[in-house]
Amino acid sequence: MLADLREDFCDDVLSQFYDRWRLRRGAVLRWARTWYLQRGIDELPAVLRELPPLQSQS
């Protein structure tokens, strides 16, 4: 499962960057939580369960 997560993260996120980029920890963790939930995996690692909900920018 971790290999699939790594490959999908590279395809979805890292492939969109060019020479210089920066990711915040929260962005990576939120992406990972979404990845798990989209696959119907309810048993999340503790660090993903503890994320606060996203707040609207409006």
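FYI, it's all coordinate maths here, none of it is from the lab. All of these numbers come straight from a predicted model, not from anything done at the bench.
Points to keep in mind about this one:
- For the chain, radius of gyration divided by Kirkwood radius, i.e. Rg to Rh on alpha-carbons: 0.99
- Here the extension length gained between R6 and L51 equals 14.2 nm, from 0.36 nm per residue of separation less the Cα-Cα distance.
- Extended-chain gain in nm, criterion 0.36 nm per residue less alpha-carbon gap, W21 and L44: 5.5 nm
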